[in-house]
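What follows is a single structure, written as structure tokens, with notes after it.
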Amino acid sequence: MPSRRDAIADDLRDRIVTGQLKPGDRLPSEAHLAAQYTVSTPTLRSALAALQAEGLVEKTHGKGNFVRRPLHRITYVGGRRAPDAHSMDLASLSVTVHTTRVQACGRLAALLKMPTGSPLTEILCLGHEDERPHSLARIYVPCDLAPTAVLREPLPYEALVTRLTELRPPPTEVRGEISVRLPTQEEASTLRISSALAVLAITRQTADTTGRVVEVALLVLPGDRADAVFTTHYVIDERPTRT
């Protein structure tokens with residue numbers, strides 16, 4: 001027999017799926033819902049948390065719980081022959097870009113294969129759909145390849161990618177690692193998602209012909225709006241067979 005938490009979540013989910021509660025609708029207050037279902041406030045909040053984790057409900061601080069509007073899905077594409085094609089389809093989103101100078105340390109220094117304290121340009125890209133945060137990317141480039149002075153003026157995302165391509169040597173290898181995990185507190189706050197909603201975390205290293213790592217990108221995509229597509233290319237041996 002389902003618990004009261006699950007029963008409440010099932011009922012609200014059914015009302016959302018069948019259109020009784022429409023995208024953008026504000027749910028009754030938590031106190032009202034708790035009284036309606038004759039449960040304690042913690043039980044009611046637990047049911048709402050389950051729906052938030054599924055991406056059906058979102059909570060706005062100071063305003064309440066709302067039925068979430070369908071969001072654009074981002075596709076991360078990997079495995080193509082051209083290294084520069086390893087990207088997210090951010091064209092339909094508005095992306096704010098902020099650059100700053102930081103120092104390599106810890107895992108970041110290891111990924112870039114640089115001594116601790118080496119100067120880097122950090123490029124923070126936050127994708128938005130309407131006013132809602134949608135994706136988060138932190139790109140790190142050695143300062144000699146992307147001086148902050150060159151990237152100081154605000155640039156659209158596409159122009160930023162073009163500028164970085166012009167500044168760095170042609171890449172020959174892109175290595176990506178993908179994991180599914182819960183967001184950090186900072187990531188959940190920035191993306192305005194539940195801390196119980198899993199994210200797709202992508203670490204991408206780009207190297208040039210000498211093996212130097214010329215860029216590291218740390219991408220965070222909420223699991224309810226992200227897909228990853230990979231293509232495997234096989235090498236066909238066309239040498240004639242001996243008879």
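Can you tell me the 0 to 90 degree angle between the C-alpha axis of helix 157-167 and the longest principal axis of the chain, rounded to 10?
20
Give the residue from G62, V17, Q36 lying farthest towards the positive end of the charge dipole for the range 4-67; charges sit on Cβ (+1 for Lys and Arg, -1 for Asp and Glu) and the dipole is referred to the Cα centre.
G62
What does the extension gain come out to for E186 and T162, with contour length at 0.36 nm per residue minus their alpha carbon separation?
That works out to 5.7 nm of additional length.
Report the Rg/Rh value for the chain, based on alpha-carbon coordinates and the Kirkwood definition of Rh. Intermediate results must be reported in sequence, preceding the final value.
Values: Rg = 22.5 Å, Rh = 20.6 Å.
Ratio value, two decimals: 1.09.
Tell me the net charge near K59. Cut-off is 15 Å between Cβ atoms, K59 excluded, with +1 for each Lys or Arg and -1 for each Asp or Glu.
+2
Taking the Cβ of R212 as the centre, find all other residues whose Cβ is under 12 Å away and add up their charges (Lys, Arg: +1; Asp, Glu: -1). Please list the in-between numbers first.
Working: positive: K113, R168; negative: D144, E173, D208, E215.
Spelling it out: positives minus negatives among the neighbours equals -2.
From the residues V102, L71, F230, which one has its Cα farthest along the dipole of the chain in the positive direction, the dipole being from +1 and -1 charges on Cβ of Lys/Arg and Asp/Glu about the Cα centre?
Positive-end residue among those listed: V102.
Starting from the Cα of K63, step 7 Å along the direction of its Cβ; do the same at Q103; then give the gap between the two resulting points in nm.
4.1
Could you give the nm distance between label points at E173 and K113, where each point is 7 Å from its Cα heading toward the beta carbon?
0.7
Of C125, C143, how do they rank once you tally other Cβ atoms within 10 Å and put the fewest first?
C143, C125
Count the net charge of all other residues whose Cβ sits under 10 Å from the Cβ of E122, scoring Lys and Arg as +1 and Asp and Glu as -1.
It works out to a net charge of +2.
Might you report the magnitude of the Cβ-based charge dipole of the chain about its Cα centre, with Lys and Arg at +1 and Asp and Glu at -1, to the nearest 20 debye?
In debye, rounded to 20, the chain gives about 280.
Against the longest principal axis of the chain, how steep is helix 41-53, in degrees 0 to 90 to the nearest 10, with axes from Cα atoms?
On a 0 to 90 degree scale, this one is about 40.
If R₀ is 51 angstrom, what is the calculated FRET efficiency for the pair R26 and V77, using the beta carbon separation as r and rounding to 0.05?
Given R0 = 51 Å and the Cβ-Cβ separation, E is 0.90.
In what order do D224, D11 fall by count of nearby beta-carbon atoms within 10 Å, going from fewest to most?
Arranged by neighbour count, lowest to highest, D224, D11 become D11, D224.
Bear in mind these aren't lab numbers, they're just calculated from the coordinates by the rules spelled out. Computed from a prediction, not measured in an experiment: that's the story for all the values here. Please note: Cβ atoms are built from the backbone with ideal geometry, for glycine as well, and neighbour counts cover all protein chains shown.
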